[in-house]
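These notes concern the structure reproduced below.
The values are calculated or read from the model by the stated rules, or taken from the named source; none is laboratory data. Since this is a predicted model, take the numbers as computed values, not measurements. Using ideal geometry, Cβ is built from the backbone for each residue, glycine included, and neighbour counts are taken over all protein chains shown.
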Amino acid sequence: MTSFKPLVFSGVQPTGNLHLGNYLGAIKRFVALQAEHACIYCVVDLHAITVWQDPVELERATREVTAAFLAAGIDPKKNIVFNQSRVPQHAELAWVFNCIARMGWLNRMTQFKEKAGKDRENAS
C-alpha cells in the first residue's frame with residue numbers, strides 16, 4: 001500500500017527585515033515540517049505589492065527571505081522553494097480573479113479588510 005505524505009504550502013511576504021520572531025514563529029517550523037511532509041515554500045513578493053513597496057528594497061528582501069529559508073535548513077532538493085513573481089501563472093490567474101471578484105466577496109475577506117483599511121473602495 002502506498003503511504004500518503006501530507007503536503008504543506010506556505011508563503012512569506014518579503015516585507016521588513018527578518019527577525020527572531022520570523023525564525024521562531026515560522027521558519028523553524030518550516031524546517032521541522034519537511035521531515036514528515038512534502039513542502040512547498042513560497043516568497044510571496046506579488047502579495048507584498050498590494051501596498052506600495054520600494055522596488056529595490058523588495059528585491060533585496062525577497063533574496064533575504066529566500067536565503068533565510070535555505071540557511072535555516074530547508075532542503076531545496078527535497079522541497080520546493082520559489083519566488084511567486086517567477087511563476088507567470090500567478091499573475092495570469094490574478095487577472096482572471098480580478099475580472100470576476102465582487103466587492104461583497106472581498107469585504108468578507110480578512111486579508112482584504114486589513115490591507116484596504118478605511119479606503120476599501122480604492123484598494124487594489
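Checked against (1) more than 14 Å from the chain's Cα centre (by Cα); (2) part of a helix (DSSP H, G or I); (3) closer than 20 Å to Thr15 by Cα, Gln89 passes all but condition (3).
Residue pairs whose Cβ atoms lie under 8 Å apart, separated by 6 or more positions or on different chains, with the first residue in the stretch 112-123 and closer than 12 Å to Thr50 by Cα and the second of a type in the set (Lys, Arg) and at pLDDT 60 or above, are Ala123/Lys115.
Does the stretch 68-82 contain any residue that is surrounded by fewer than 17 Cβ atoms within 10 Å (Cβ to Cβ) and over 18 Å from Gln34 (Cα atoms)? No - not one qualifying residue is present in the stretch 68-82.
Yes or no: the stretch 108-117 includes at least one residue that is of a type in the set (A, V, I, L, M), modelled with pLDDT under 90, surrounded by 11 or more Cβ atoms within 10 Å (Cβ to Cβ) and in a helix (DSSP H, G or I). Checked the stretch 108-117: at least one residue is of a type in the set (A, V, I, L, M), modelled with pLDDT under 90, surrounded by 11 or more Cβ atoms within 10 Å (Cβ to Cβ) and in a helix (DSSP H, G or I).
A search for C-beta distances below 7 Å between a residue of the stretch 23-50 that is in contact (Cβ under 8 Å) with a residue 40 or more places away in the chain and under 15 Å from Phe9 (Cα atoms) and any residue that is of a type in the set (S, T, N, Q) and assigned to a helix (DSSP H, G or I), counting only pairs 6+ apart in sequence or on different chains, returns Cys42/Gln84; Val43/Thr62; Val43/Thr66; Val43/Gln84; Val44/Gln84. Looking at the stretch 1-38 only, could you name the residues that are touching a Lys or Arg at 6+ places or on another chain (Cβ under 8 Å) and farther than 14 Å from Ala72 by Cα? Glu36, His37, Ala38, listed by residue number. Just so you know, in the stretch 11-32 the residues that are among the β-branched types (Val, Ile, Thr) and under 12 Å from the mean Cα position of the chain (by Cα) include one that is nearest to Ala67 (Cα to Cα), and it is Val12.
When the criteria are applied in full, Arg63 fails the requirement of being loosely packed, with under 15 Cβ neighbours inside 10 Å, over 14 Å from the mean Cα position of the chain (by Cα) and charged (D, E, K, R).
Is it the case, given these coordinates, that Val51 is in a loop (DSSP other than H, G, I, E, B), surrounded by 12 or more Cβ atoms within 10 Å (Cβ to Cβ) and on the phi < 0 side of the Ramachandran plot? Spelling it out, Val51 is indeed in a loop (DSSP other than H, G, I, E, B), surrounded by 12 or more Cβ atoms within 10 Å (Cβ to Cβ) and on the phi < 0 side of the Ramachandran plot.
The single residue among Pro88, Pro55, Pro76 that is in contact with a Leu (Cβ under 7 Å, 6 or more places away or on another chain) and free of Cβ contacts under 8 Å to residues at least 60 places away in the same chain turns out to be Pro76.
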